[in-house]
1. Please list, in order along the stretch 98-111, the HN-Hα scalar couplings obtained from phi with the Karplus expression 6.51 cos²θ - 1.76 cosθ + 1.60 (θ = phi - 60°), rounded to whole Hz, x for Gly and Pro.
2. Provide the per-residue ³J(HN,Hα) series for the stretch 184-194, in order, calculated from phi with Karplus coefficients 6.51, -1.76, 1.60 and θ = phi - 60°, each as a whole number of Hz, with x at glycine and proline positions.
3. Given R₀ = 35 Å, what would the calculated FRET efficiency be for Ala176 paired with Tyr22, taking r from the Cβ atoms and rounding to 0.05?
4. Helix-only mean residue ellipticity at 222 nm, the chain, DSSP H runs n ≥ 4 weighted -39,500 (n - 2.57), per residue, nearest 500. What is it?
5. Taking the Cα centroid of the stretch 138-195 and of the stretch 23-67, what is the distance between the two, rounded to the nearest whole Å?
6. Would you kindly state how much longer the chain becomes between Leu85 and Asp1 on full extension, computed as 0.36 nm times their sequence separation minus their alpha carbon distance, in nm to one decimal?
7. In the stretch 145-225, what trypsin sites (Lys or Arg not before Pro) fall in a loop by DSSP, with at most 16 other Cβ atoms inside 10 Å?
8. For helix 152-165, report the angle its Cα long axis makes with the longest principal axis of the Cα atoms of the chain; keep it between 0 and 90° and round to the nearest 10°.
Amino acid sequence: DRPEPLRIIGLRLLERTVPAGYDVGPIAGILKEKPPLCDKARTALERMGTPEARVALRQAIKNAGAEFQCALLNSLGELQDTDSLDDIKALARADNAAVRAAAVRALSWTGDPANLPVAKSVVASTDDAGRFDAMDALLRLVNAIEAKGGNWQIAVDAYLDLLKTGEGIFKDAALAGLGRMGDGTCVRPIVEAMRDADIRTGLNGIAALRDMKGVDVVRELAAVYSDAPR
């Protein structure tokens, strides 16, 4: 029953002081209110990061509208909340394209190759308006797979696929990824991606080829060079 500015100040104070094991029910209740209070409560719970705060965020996502679902998914992804993974995977098949992209983004930290098919399906089912967010979510997942290690071929194949299907910064990101971990088999796809591309993609392709290591890379570069126009 306090004025909104005071309630917001209270949330900012609580996010710094509420310990694990403490009831966050009063804050969770604000998640059902209208903006900006609901978002202030979400931010407070995310910053607390306690088990109780995570439960509140997971429960709120079930009945939230699409826009707020996206925000809640972002919070759960930031918290790397393993207990919410099943719920997040279910939302990756939601009717709303923005929610699907946010769900993949919330899964990306896992670096789990098993999430690649659903991430690709989200990209394939998204219209032009939502393509950027869907591609960004897919790229985040591929980056995490690379960083996690142990799935070299899967990560390289994913970057090669992005090289074919991506545009602009996503193609450039795929080139950078191949520069970090590509081998000789990646040389020709990179060169092909550079053909008739804009100057930025061309420069990024050259940078990727320069960063790649190994005798097989050098041999492929020599073979490509011999066939290249002036």
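The values are calculated or read from the model by the stated rules, or taken from the named source; none is laboratory data. The model shown is predicted, which means the values in this text are computed figures rather than measured ones. So basically every Cβ, Gly included, is an ideal-geometry build from the backbone, and we count neighbours across all protein chains shown. Accessible surface areas use protein heavy atoms only, side chains included; no ligands, DNA or RNA. Shrake-Rupley method; radii C 1.70, N 1.55, O 1.52, S 1.80 Å.
1. Calculated HN-Hα couplings, in order: 5, 5, 4, 5, 5, 5, 5, 4, 6, 8, 4, 4, 5, x Hz.
2. For the stretch 184-194, the Karplus curve yields x, 5, 8, 5, 5, x, 5, 4, 4, 5, 7 Hz.
3. 0.20
4. Taking each H run of at least 4 residues, the total per residue is -22000 deg cm²/dmol.
5. Using only Cα atoms to place each centre, the spacing works out to 37 Å.
6. Using 0.36 nm per residue and subtracting the Cα-Cα distance, I get 26.7 nm.
7. Working: sites: Lys148, Lys164, Lys171, Arg180, Arg195, Arg200, Arg210, Lys213, Arg219; in loops: Arg195, Lys213.
Sites meeting the loop and neighbour criteria: Arg195, Lys213.
8. Once rounded, one gets 80 degrees.
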